Amino acid sequence: MGITTTLGTPVVGMTTGAGGNIAVIGGTASGIALARMLGAHGRSVDVFASGFDPARSVHAAHPLCEYAPPHVHAADAPEWLRRRGVIDQDGRLRCAPSLVAAMAAESRDPTGRQTLVRSRTEQPIALVRSTTNSWFVRDVLGAELGPYTTVVMTHDAALRTARKAAAKALLESALPHSGPIMASLARAVSASAVAAIVEFAPGAVPRTVSDALVIDGVPELRLASRHPDDASNRGLRTRRTGEAWTLVSTPAFARHVRSSPGGKWDKAAAAKSLVQAFAAHVGKTDAMSHWRLVVPCFLWQGAAPLTRVVPGTPPFALDAESGLGFCGDIFAGVGIVAGIRSGEAIATALLTQVPTTHLPGARAWEFRPEADGDEDIACITGLDTGRAEPQDGLDHTWPAAVKLAHGAKLDNADSLAKYRRRGVEDHDRKVALAMAEPTAEPRDDARAPPRRARRRSARKKLDILMR
């Protein structure tokens, strides 16, 4: 029986491969690698491109939540990934948001007759445990999709096509069943940094300057990356006459200008410090008079993973009893190759006759060492999180997970509660309705755009997300 979609009612009766249906939430490189491998072995998989982020709508690309480096090394990437990407003359894979979406197209069963990996456009907002110990995925419209024997959340730091905030919210909705996996993920620590998206006037930055810069010994600037000319600039509106750069500070500078998320700070002064450091590095001090901020200076809370699992440790988390898993490059390093390694590792575990629980504990995690050739956000290493907090190897941006790691028992939590008053859920629900109700009656408000125009706008936003 195929998938049916009736708004507000459970979606039941999916085509089932051996081992039952599996939901992958996050259209990341790790998630697609997981789905691709499961589909190739006859498992039925649904890939949800993104979950609900209470802080910011996923229908509006964010320059850092959807961050993509200019390129990554592709020497160790599998052939199927290289075929979908674009390799430059230096042997590096140029990233594009459409790359991840394209991967799912090849995931077919061995006979080639049926696609076992399906791309879903619904937006998961919660996980619901049934009386038969299976999972349903509730979307923003209230429909419950399933049942699934296993749900795997994914998040890659680079390329970012799914938000970690959404994965956190989904796991908290699954408490108390998700407690063990959240306690394990509390050891995945990331650094904060100050980031500025800056557009320089034509010629202000020489074209001979590399697309990706790593700067040593300058607290105000750790890395800089040029936005590709052929990209959408991650939803940013630039004048397109110059060129845009993402400038990122060290964690130490972030802690200096804003030690806590709630503290006030001078964004204009911080941005000026980043630009001054960049201009000095590229040898164009006159660039200081030819730039503008595309968006206000931003405290990038999850700029780069600082930790990884100890080499030899399986790079994922899986609670076989609850049927919940998590994969991503945060386990194996930073980048697409590390993400694929994590996705394929958890797929291998799920393909065993009786999957076993694997939850990396305190001794399984270590701080990621600096390595030769680290580029972009991978060059941010060390113990400094950029925040005034205990240096105990726990992710204090996720209070519920920290409590669980300390042995507490939680039946519910909402670490993102303060963001819910922003009205993102109502906005995303309206977008989903506009896409799902082509025959809906027009609104009485004469100033509102026609329903058809709003549907086109909603689809355009979704296209931007999926590209």
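The values are calculated or read from the model by the stated rules, or taken from the named source; none is laboratory data. Bear in mind the structure is a predicted one, so any value in this text is a computation, not a measurement. As a convention, Cβ positions derive from the backbone with ideal geometry for all residues, glycine included, and neighbour counts pool all protein chains shown. Accessible surface areas use protein heavy atoms only, side chains included; no ligands, DNA or RNA. Shrake-Rupley method; radii C 1.70, N 1.55, O 1.52, S 1.80 Å.
Going through the range 277-307 one residue at a time, which ones are touching a helix residue (DSSP H, G or I) at 6+ places or on another chain (Cβ under 9 Å) and free of Cβ contacts under 8 Å to residues at least 40 places away in the same chain? Listed by number, the residues that qualify are 279, 285, 288, 296.
In the set 241, 250, 246, only one residue is of a type in the set (Val, Ile, Thr) and modelled with pLDDT under 85; that residue is 241. Entry remark, the range 285-308: residues being open to solvent by 60 Å² or more (accessible area, probe 1.4 Å) and not in a strand (DSSP E or B) number 5 in total. Residue 328 meets the conditions (1) farther than 25 Å from residue 52 by Cβ; (2) open to solvent by less than 60 Å² (accessible area, probe 1.4 Å); (3) modelled with pLDDT of 95 or more in every case but one. The failed one is (1).
With the requirement that a residue be of a type outside the set (A, V, I, L, M, F, W, C) and at pLDDT 95 or above, what does the range 331-342 give you? Once the filter is applied, which keeps residues that are of a type outside the set (A, V, I, L, M, F, W, C) and at pLDDT 95 or above, the range 331-342 yields only 342.
Taking residue 40 as the residue in question, decide whether it is small (Gly, Ala, Ser), at pLDDT 85 or above and surrounded by fewer than 23 Cβ atoms within 10 Å (Cβ to Cβ). Against the criterion (small (Gly, Ala, Ser), at pLDDT 85 or above and surrounded by fewer than 23 Cβ atoms within 10 Å (Cβ to Cβ)), residue 40 qualifies.
In the range 351-380, the residue that is surrounded by the fewest Cβ atoms within 10 Å (Cβ to Cβ) out of those that are under 15 Å from residue 309 (Cα atoms) and touching a Leu at 6+ places or on another chain (Cβ under 7 Å) is 367. Cβ-Cβ distances below 6 Å connect the following pairs, each with a first residue in the range 30-56 that is closer than 16 Å to residue 348 by Cβ, a second residue that is part of a loop (DSSP other than H, G, I, E, B) and open to solvent by 10 Å² or more (accessible area, probe 1.4 Å), and a separation of six or more residues or different chains: 39/116; 41/351; 42/17; 42/18; 43/17; 43/19.
For residue 196, the conditions (1) open to solvent by 20 Å² or more (accessible area, probe 1.4 Å); (2) among the aliphatic types (A, V, I, L, M); (3) part of a strand (DSSP E or B) are fulfilled apart from (1). Of the residues making up the range 112-144, just one is modelled with pLDDT under 95, among the hydrophobic types (A, V, I, L, M, F, W, C) and not in a loop (DSSP other than H, G, I, E, B), namely 117.
Of the residues screened, residue 381 is not one that is over 19 Å from the mean Cα position of the chain (by Cα), among the polar types (S, T, N, Q) and over 22 Å from residue 219 (Cβ atoms). Only residues that are in a loop (DSSP other than H, G, I, E, B) and under 18 Å from the mean Cα position of the chain (by Cα) were counted in the range 309-340, giving 6. Checking each residue in the range 310-322 for being under 23 Å from residue 182 (Cβ atoms) and surrounded by fewer than 24 Cβ atoms within 10 Å (Cβ to Cβ) picks out 310, 313, 314, 319, 320, 321, 322. If I filter the range 381-411 down to residues being in a loop (DSSP other than H, G, I, E, B) and open to solvent by 60 Å² or more (accessible area, probe 1.4 Å), which single residue comes out as nearest to residue 211 (Cα to Cα)? Here the answer is 383.
Could you list, in sequence order, all residues of the range 122-149 that are on the phi > 0 side of the Ramachandran plot and open to solvent by less than 20 Å² (accessible area, probe 1.4 Å)?
Keep residues of the range 122-149 that are on the phi > 0 side of the Ramachandran plot, which gives 133, 142, 146.
If the condition is that a residue be on the phi > 0 side of the Ramachandran plot and open to solvent by less than 20 Å² (accessible area, probe 1.4 Å), then 146 is the only one that fits.
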